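J.: Structure in structure tokens, see below.
Values quoted throughout were computed directly from the atomic coordinates according to the rules given, and no laboratory measurement underlies them. All figures in this text were calculated on a predicted structure; none of them were measured in a lab. Please note: Cβ atoms are built from the backbone with ideal geometry, for glycine as well, and neighbour counts cover all protein chains shown.
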Amino acid sequence: VFVARSQLQNAADAGALAAVQKLAEGYSSTDARNAAVSFASKNEPHNGAVLVTGDVTIGVWNSSTRTFTATSSSPNAVQVLVRRDGTNTPGVAMSFAQLFGINSTKVTASSVAYYTTSGSKKNYSFVK
């Protein structure tokens with residue numbers, strides 16, 4: 001489960017970063033969502049649909065209050081939720097727990113990436 005969680009976090013981070021880069025370059029929210037899904041899939045070892053466009057939220061990150069607000073007005077951030085929970089992909093198979101009737105478990109990970117502008121330079125960061 002810990003390995004699966006780490007792999008999902010990598011996929012979430014890749015998806016969020018790809019999407020926020022699209023926003024910073026002036027692409028549409030749809031393009032950003034599609035980039036998130038594409039890069040999350042490429043960074044998840046099972047190459048499954050761990051991220052769907054409905055789990056990609058475009059918004060604004062406020063560094064002062066450390067809050068993410070979903071909005072399409074001047075977005076600078078993207079939040080993604082990747083999952084292996086039986087929704088789009090199977091849950092994580094359990095080997096030892098099967099002795100107790102537990103065949104799989106749900107594992108999720110999320111990431112928020114945002115960008116700031118300093119002159120003509122764009123800076124990308126993850127919320128930790």
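J.: Among all the aspartates and glutamates, which ones have a C-alpha under 19 Å from Lys122's C-alpha, if same-chain residues fewer than 8 places away are not counted?
T.: Partners found: Asp13, Glu25, Asp31.
J.: In nm, what is the difference between 0.36 nm times the number of residues separating Ser64 and Phe126 and their Cα-Cα distance?
T.: Residue separation times 0.36 nm, minus the Cα-Cα distance, leaves 20.9 nm.
J.: So if R0 is 35 Å, what FRET efficiency would Ser74 and Lys42 give, r being the distance between their Cβ atoms, rounded to the nearest 0.05?
T.: Efficiency, from the Cβ-Cβ distance: 0.75.
J.: Please list 11-22, 55-66, 111-122, 29-40 highest first by mean number of surrounding beta-carbon atoms within 10 Å per residue.
T.: 11-22, 29-40, 55-66, 111-122
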